[in-house]
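Engineer: Can you read through this structure? Questions will come right after.
The values are calculated or read from the model by the stated rules, or taken from the named source; none is laboratory data. As the structure is a prediction and not an experimental result, all values here were calculated from the model. For neighbour counting, all protein chains shown are included, and Cβ atoms are generated from backbone atoms with ideal geometry for every residue, glycine included. The area values use the complete protein model at the heavy-atom level, side chains included, leaving out ligands, DNA and RNA. Shrake-Rupley method; radii C 1.70, N 1.55, O 1.52, S 1.80 Å.
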Amino acid sequence: QVQLVESGGGLVQAGGTLRLSCAASGSIFSIENMGWYRHAPGKQREMVARITSGVTANYADSVKGRFTISRDNAKNTVYLQMNSLKPEDTAVYYCNDEVRPARWLRINDYWGQGTQVTVSS
């Protein structure tokens with residue numbers, strides 16, 4: 001089994017910064033794509049940022065230029081650096097990893113428990 005543990009959420013004023021972390025543990029042979037999603041009240045869950053095993057990143061238009069996703073493969077950890085935060089960034093943020101538990105097993109999707117990010121105006 002694989003567990004994802006997120007940290008780094010909190011309350012920040014508009015224009016502030018936060019850094020989210022998501023560490024994976026358990027039965028891990030490799031992690032393919034890693035990503036961050038968010039879910040705000042009354043809205044659908046949306047992709048915020050994703051990074052491939054080849055370290056290619058893509059972002060939602062709403063966060064381009066403000067957020068940066070990165071990964072540390074040695075620590076099985078993905079990060080989301082969030083700068084110039086806006087009230088509309090308020091949401092629960094979830095990390096998502098595509099994990100291959102062993103060489104001969106298929107890739108499975110795993111999700112973190114979610115961390116609240118609140119940006120006050």
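Engineer: Distance between the C-alpha centers of the range 82-106 and the range 11-53? Whole Å please.
Structural biologist: Centre-to-centre (Cα) distance: 3 Å.
Engineer: Which three numbers, in whole Å and largest first, are the semi-axes of the equivalent ellipsoid of the chain derived from its Cα gyration tensor as √(5λ)?
Structural biologist: For the chain, the ellipsoid semi-axes come out as 26, 14, 12 Å.
Engineer: Which lysines does residue 86 reach when only Cα atoms under 27 Å apart count, and residues fewer than 8 places away in its own chain are ignored?
Structural biologist: 43, 64
Engineer: Starting from the Cα-Cα distance between residue 81 and residue 118, subtract it from 0.36 nm times their residue separation and give me the gain in nm to one decimal. Can you show the working numbers first?
Structural biologist: On the way: separation 37, 0.36 × 37 = 13.32 nm, distance 1.48 nm.
Residue separation times 0.36 nm, minus the Cα-Cα distance, leaves 11.8 nm.
Engineer: Still on this structure, please answer the following. If you roll a 1.4 angstrom probe over the protein chains with everything in place, what fraction of the accessible area of the range 5-109 belongs to carbon and sulfur, to the nearest %?
Structural biologist: 48 percent
Engineer: Suppose every Lys and Arg Cβ carries +1 and every Asp and Glu Cβ carries -1, with no other charges. What dipole size does the range 35-121 come out with about its Cα centre, to the nearest 20 debye?
Structural biologist: 160 debye
Engineer: Also: For the chain, what is the percent of antiparallel DSSP beta bridges, rounded to the nearest 5?
Structural biologist: 90 percent
Engineer: Just the accessible area for residue 11, please: 1.4 Å probe, Å², rounded to the nearest 10?
Structural biologist: 130 Å²
Engineer: Send over a whole-number figure in Å² for the accessible area per residue of the chain, probe 1.4 Å. Mind showing how you got there, number by number?
Structural biologist: Numbers: 6380 Å² over 121 residues.
Solvent-accessible surface per residue comes out at 53 Å².
Engineer: Which of 107, 40, 74 sits farthest toward the positive end of the charge dipole of the chain, with +1 on the Cβ of Lys and Arg and -1 on the Cβ of Asp and Glu?
Structural biologist: The one lying farthest along the dipole's positive direction is 74.
Engineer: Pick out which of 101, 87, 41 has the largest mean-square fluctuation in a Gaussian network model of the chain, springs linking Cα atoms closer than 10 Å.
Structural biologist: 41
Engineer: Could I ask something else about it? Given the options 85, 24, 121, identify the residue whose Cα lies farthest towards the positive end of the charge dipole of the chain (+1 on Cβ of Lys, Arg; -1 on Cβ of Asp, Glu).
Structural biologist: Value: 24.
Engineer: Out of residues 5 or more away from residue 30 or on other chains, whose amide H comes under 5 Å of its own, with H placed 1.01 Å from N in the peptide plane?
Structural biologist: 100
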